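One structure is given below, encoded as structure tokens.
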Amino acid sequence: MQKIFLSVLTFVFVFSSKAQQIDKTIDSMEVRRIEKTLSSDDMQGRKTFSPGIEKAADFIAAEFKKAGLQTVDPSGTFFQEFTMVKPKLLSAKAAFDGVEMDAAKIIAFSSQEDITVTEKSGYETVKISAGDTLVRKAFRLISANRNYLVLVDTSQVTNFSRLSRFKGPSFRSDKSVIFVLTDKSPASYSIELRQEITEQHLRNVVGILPGKSRKDEYVIFSGHYDHLGIGRANENQDSIFNGANDDAAGTTAVIMLAKYFSALHNNERTIVFAAFTAEEIGGYGSGYFSRQFDPSKVMAMFNIEMIGTESKWGVNSAYLTGYEKSDMGRILEKNLEGSQFRFYPDPYTEQQLFYRSDNATLARLGVPAHTISTSKMDSEKYYHTQEDEFETLDIKNMTEIIKAIAISSRTIVAGKDTPSRVDTTQLR
């Protein structure tokens, strides 16, 4: 009986000490300070390529430095810089089996200025028929980093015009995907395109805590820090889309987790803390970031998106997108046993959230990469509106969510648990 009593007493003492430590490091006043700064009018809505987002990046980098994080490379900067290219079509002409094609029926995805393609150029020909889902299939082809000539059935004329909406910035590549609206399967063809290419520079903010015994195994905590910028003022609200919940809240969580794990200084695996740019215009920040890792070495990714409001279950709760795609959720639940907090499976599966956020690129490569959120996607009142401001957030509950992420991830960070991989053969 005495041994049992001493064991229980020891457990209570250790649990109490850990609780006091996390309460000291992740406290609501610090959450309030960081969140309020990121969502302030001074940041001008943090639109990609704006002065406001540069100011936000500087602030995040300063917080990473204060937390004691290391930079990813010897450059001494927390900025992960990369370049996007934006093409503007100047001219297009094509002939199939000697018959000239209408230039309006050609859409090219390429970062090359001059493109000449014939049947001898080595392009793989792909057909998209009347029954195919054009946009989904097109996205897969564009993402494959291969040269394709895509022949789109003319019954897809309405969907074909929508492809142009995807022609935002892209990573520079020597590969091109050319879509032609036609019912022909030409034996010979010639396509000539001229484009004006503009370079655009972006930067993620990334810091690391090297692991002790498993330096080459990575656990990632991330969120995006860009938002929508400045729009038109209305009679009830100013013109700034502050993005307090989307996703200054997630970025605040990443900073707080950096401070917490840095203070603990006992992580066996290397922890990467990342604030992504350009999520709102296509997920380019996380896309570039993901390319810098061997996915087999990424053990888990906790992407944090919109945790500033209560979930549909109330306080002390959040959901995990793609809950059923790995056993990461069950590991988090195990580590939270005895607490009031609970992670639920994503209740909005019809919205395909698992592949819509910054976890998607690594998840498609098999990494147990999930997004944690509380956003009521069927009724979130201020989503993508000017009303998404600091005053609408529940800072106390948000603080508890950040603590829950810290506690629930501890065995993964320690190398004691490794979530199962996402089955890439089941991708939709």
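Right, ASN145: within 27 Å of GLU81 (Cα to Cα) and not hydroxyl-bearing (Ser, Thr, Tyr) or not? Taking the combined requirement at face value, the residue satisfies it.
With respect to (1) modelled with pLDDT of 95 or more; (2) assigned to a helix (DSSP H, G or I), the lone exception for GLY415 is condition (2). Restrict the check to the stretch 331-342 and report whether at least one residue is surrounded by 22 or more Cβ atoms within 10 Å (Cβ to Cβ), assigned by TED's automatic domain parsing to the domain that holds GLU305, touching a residue at least 40 places away in the same chain (Cβ under 8 Å) and in a loop (DSSP other than H, G, I, E, B). Looking through the stretch 331-342, none of the residues is surrounded by 22 or more Cβ atoms within 10 Å (Cβ to Cβ), assigned by TED's automatic domain parsing to the domain that holds GLU305, touching a residue at least 40 places away in the same chain (Cβ under 8 Å) and in a loop (DSSP other than H, G, I, E, B). Restricting attention to the stretch 49-86, the residues that are in contact (Cβ under 8 Å) with a residue 60 or more places away in the chain and either surrounded by 20 or more Cβ atoms within 10 Å (Cβ to Cβ) or among the hydrophobic types (A, V, I, L, M, F, W, C) (or both) add up to 18. Here ALA57 fulfils each of the conditions (1) in a helix (DSSP H, G or I); (2) in contact with an Asp or Glu (Cβ under 9 Å, 6 or more places away or on another chain) apart from (2).
With the condition kept exactly as written, say whether any residue in the stretch 233-242 is surrounded by 24 or more Cβ atoms within 10 Å (Cβ to Cβ) and touching a His at 6+ places or on another chain (Cβ under 7 Å). Looking for residues that are surrounded by 24 or more Cβ atoms within 10 Å (Cβ to Cβ) and touching a His at 6+ places or on another chain (Cβ under 7 Å), one finds at least one in the stretch 233-242, hence yes. Give me the residue from the stretch 120-178 that is over 24 Å from the mean Cα position of the chain (by Cα) and aromatic (Phe, Trp, Tyr) and, out of that set, nearest to PHE289 (Cα to Cα). Ranking the candidates gives TYR148 first.
Whenever a residue of the stretch 160-172 is farther than 17 Å from ILE106 by Cβ and in the same structural domain as ILE106 (by TED's automatic domain parsing), its partners that are basic (Lys, Arg) and in a loop (DSSP other than H, G, I, E, B), lying with C-beta atoms within less than 9 angstrom and at least six residues away or across chains, give the pairs PHE171/ARG291. Please verify whether the stretch 159-168 includes one or more residues that are at negative phi, surrounded by 19 or more Cβ atoms within 10 Å (Cβ to Cβ) and in a strand (DSSP E or B). There is no residue in the stretch 159-168 that is at negative phi, surrounded by 19 or more Cβ atoms within 10 Å (Cβ to Cβ) and in a strand (DSSP E or B). Taken across the stretch 384-406, residues that are among the aromatic types (Phe, Trp, Tyr), in contact (Cβ under 8 Å) with a residue 24 or more places away in the chain and not in a helix (DSSP H, G or I) do not occur at all. In the stretch 349-382, which residue that is more than 18 Å from the chain's Cα centre (by Cα) and of a type in the set (Ser, Thr, Tyr) is nearest to ALA248 (Cα to Cα)? Filtering first and then ranking leaves TYR382. The sole residue among LEU149, LEU228, LEU257 that is of a type in the set (A, V, I, L, M), surrounded by fewer than 24 Cβ atoms within 10 Å (Cβ to Cβ) and under 20 Å from LEU38 (Cα atoms) is LEU228.
Applying the selection to the stretch 28-45, what residues are closer than 14 Å to ALA253 by Cβ and loosely packed, with under 15 Cβ neighbours inside 10 Å? Residue satisfying the conditions is ARG33 alone.
Picking from residues in the stretch 96-142 that are touching a helix residue (DSSP H, G or I) at 6+ places or on another chain (Cβ under 7 Å) and not in a strand (DSSP E or B), the one that is nearest to GLU199 (Cα to Cα) is ALA138. Taken over the stretch 377-412, residues that are touching a Leu at 6+ places or on another chain (Cβ under 8 Å), more than 13 Å from LEU257 (Cα to Cα) and among the hydrophobic types (A, V, I, L, M, F, W, C) amount to 1. Applying the condition of being aliphatic (A, V, I, L, M) and in contact with a Ser or Thr (Cβ under 9 Å, 6 or more places away or on another chain) to the stretch 282-316 and asking which residue is surrounded by the fewest Cβ atoms within 10 Å (Cβ to Cβ) yields VAL298. Within the stretch 254-312, the set of residues being among the polar types (S, T, N, Q) and over 17 Å from ARG203 (Cα atoms) comprises SER262, ASN266, ASN267, THR270, SER296, ASN303, THR309, SER311.
The values are calculated or read from the model by the stated rules, or taken from the named source; none is laboratory data. None of these values were measured; they are calculated from a predicted model. FYI the Cβ positions are ideal-geometry reconstructions off the backbone, even for glycines, and counts take in every protein chain you see.
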